[in-house]
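What follows is calculated from the coordinates using simple rules that are stated; it is not laboratory data. Predicted model only: the values in this text are computed from it and were never measured. We place every Cβ from the backbone using ideal geometry, glycine too, and count neighbours over all the protein chains shown.
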Amino acid sequence: MRQALLLLLLLWPGSAGAAEPLIADLTSHFVAITTGFTGADVVLFGATDAPSDVIVVVRGPIRDAVVRRKSKVAGLWMNTREVTFTGVPSYYAVYSTRPLDEIMPPAMRTLHDIGLANLRLGVGRPDRSAQEAALFRDALIRQRRQQGLYAEATGGFNVLNGELFHLTLAFPAAVPTGNYTVQIFLVRGQRIVAAQTSPLYISQAGIDAEVDDFARRSALGYGFAAVAMAALVGWLSSLPFRHA
Amino acid sequence: MDIYLPIAAMSQDVFVLLTLGGAVGFLSGVFGVGGGFLLTPLLIFIGVPHAVAVASSANQVVGASVAGALAHWRRGNIDFQMAIVLLIGGFAGSAAGVSIFALLRRIGQIDLTISLAYAVLLGTLGSLMLAESSRAMLRLRGAGAGRRKLHQHTWLHGLPFKMRFRRSKLYISALLPLSLGFFVGVLSAVMGVGGGFVMVPAMIYLLGMPTAVVPGTSLFQIIFVAASVTVLQAVENTSVDAVLALVLLLGGVIGAQLGTRFGTLLRGEQLRALLALLVLAVAAKLVFDLTLHPADPYSLETPGP
């Protein structure tokens, strides 16, 4: 499959060595989360006009995130401080052919929001000292990395002829649903020479999507349906013992 | 084989869930308890978010208590009049409980409250049961000792709004079952339990109901309290995972039947001591989690869209 795609790219009129310095696309722009979902792989493939570095940034839908810190109160660990960040990407992964600091100067990475160190989070509420805010920010990134929702990876690219590449984007089971963007940067001599953005949509599908949709859209009806389902199972389970 | 839980937004091994439901159903078959009080902490241990664990347990309790109540109804062991008065209190209590739940969730203290409530309740319950069953095993109880007087007058009998409950042969103030129902309704909403383990002793010792009608009446009113908690949690907190509840129920159906058969093979006080140790172990785990230095003092929550 992948070989076939690469072959197709190779034969694409005006691909390698032509006017376009970068052509890339995903094998699929839609990931369906179904009942047996344990994560998904999406393959990105592309061609460049000359050997160069590639950076891929995958960004999930923007949400709020509340970070809480526990401290010991009367012998119990309880949440005592919290910071709400607005405009936090729910998923963020960076893949690069070589370590980021070797490819691109820091100012450029900050400008294009590339790398976890440069991740732009919205304002934190309530206001905390810069030092404390940084601790909460670090905690958010640490937690998301542990959940596999934030990642920074070097290598992982399969390169052919120095000009064709493909990369597997691996999404974990707990991947948030919504609209994603996949940005592909072509970097040469510390400068971005070409960039491309590809959309990706991750959504629940089948029964799960219907349950989730039902629960959010008509919460009251869903509540009654859940009760009816449970009562029915309870009643059915008592039937074989009616005459006991 | 993994199954994706749409509201919890996570994958869980379906066999783990079936086993969990089966184990809790087995216990309820053996001991005649609802088992909700073990289900919620166990779901939390396997990583289901606290809020979803509580709300989905309430949903599971509906099914489990329908099955139980039907068996008692066929034997005529339900005091419907008492159940209705308890229910009026129970509905008010569950509404209050769900609002408290939503408030605690907003200020970030829901996990602590649930764990703490469970630690206290299971710790107390486990100790009492262990003490009682070891006394029974040591045969310290003389024959005939501990028989209650048929009727004892306390200040509780001086309360106004007296009502006659024919099936239970009682003439007591309606305020008693109303407030009992309210209290258990709050517990049910905050902890996702049916509350049978509080309701049953209170019915016997506080209300003075005859033992024969206690389990049936308790189960019957639990159906409706748990149902109202499920609906209110769905509306207020979108935290009821019906897929999770269904898998747990299916496991529970099988477990309950096995448990009922197994229960007749073992001696009562040994069974109760076993259950007591199990309950204490769960309480101890909760206490450790609350008091030991957490691996990471920071936690992250992403409010739903």
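Computed over segment B:154-305, the P(r) tail beyond 29 angstrom holds 38 percent of alpha carbon pairs.
Rounded to whole numbers, the Karplus 3J(HN,Hα) couplings from phi for segment A:43-59 are 9, 9, 9, x, 9, 10, 7, 7, x, 7, 8, 10, 10, 10, 10, 9, 10 Hz, using 6.51 cos²θ - 1.76 cosθ + 1.60 with θ = phi - 60°, and x at Gly and Pro. In segment A:131-215, the alpha-carbon atoms span a convex hull of 170 Å³ per residue. Taking N as the residue count of segment B:13-59, its C-alpha radius of gyration divided by 2.2 N^0.38 Å amounts to 1.08. Translational D (Stokes-Einstein, µm²/s) of the protein assembly as shown at 37 °C and 0.692 mPa s when Rh comes from the Kirkwood sum over C-alpha pairs? Answer, rounded: 124 µm²/s. Each of B:Ser299, B:Leu180, A:Ser203 was scored by the projection of its Cα onto the charge dipole of the protein assembly as shown, and the greatest displacement toward the positive side belongs to B:Leu180; charges sit on the C-beta of Lys, Arg, Asp and Glu. Compute the distance from the alpha-carbon center of segment B:39-58 to that of segment A:97-128, in whole Å. For segment B:39-58 versus segment A:97-128, the Cα centre distance is 37 Å. A cut-off under 12 angstrom between Cβ atoms defines the neighbours of B:Gly216, and their net charge, with Lys, Arg +1 and Asp, Glu -1, is +2.
What share of Cα pairs, in percent, lie more than 12 angstrom apart in segment A:144-194?
77 percent
Rounded to the nearest 20 debye, the dipole size of the protein assembly as shown about its Cα centre is 2980 debye, using +1 on the Cβ of Lys and Arg and -1 on the Cβ of Asp and Glu. Residues with beta-carbon under 10 Å from that of A:Leu100, excluding A:Leu100: net charge, scoring Lys, Arg +1 and Asp, Glu -1? Summing Lys and Arg as +1 and Asp and Glu as -1 gives -2.
Taken over chain B, the ratio of Cα radius of gyration to 2.2 N^0.38 Å equals 1.01. Comparing mean-square fluctuations of A:Gly124, A:Gly223, A:Gly234 from a GNM of chain A with C-alpha springs under 10 Å, the top value falls on A:Gly234.
Multiply the residue separation of B:Leu103 and B:Leu116 by 0.36 nm, subtract the distance between their alpha-carbon atoms, and state the gained length in nm to one decimal.
3.0 nm
Electrostatic tally near A:Ala139: other residues with Cβ closer than 13 Å to its Cβ, Lys and Arg +1, Asp and Glu -1, net +4. For chain A, the alpha carbon convex hull comes to 209 Å³ per residue, rounded to a whole number. Against chain A, whose longest principal axis comes from its Cα atoms, helix A:207-217 is set at around 70 degrees.
For segment A:169-244, what does the equivalent ellipsoid look like in terms of its semi-axes, each the square root of 5 times an eigenvalue of the Cα gyration tensor, given largest first in whole Å?
Taking √(5λ) for each Cα gyration eigenvalue gives 51, 14, 7 Å.
Bridgeable aspartates and glutamates around B:Lys169 (alpha carbons under 15 Å apart, same-chain partners fewer than 8 residues away excluded): B:Asp79. Helical content of the protein assembly as shown, expressed as a calculated mean residue ellipticity at 222 nm, amounts to -16500 deg cm²/dmol (DSSP H runs of 4 or more residues, -39,500 (n - 2.57) each, divided by residue number, nearest 500). Between segment B:194-262 and segment B:160-193, the C-alpha centres lie 16 angstrom from each other.
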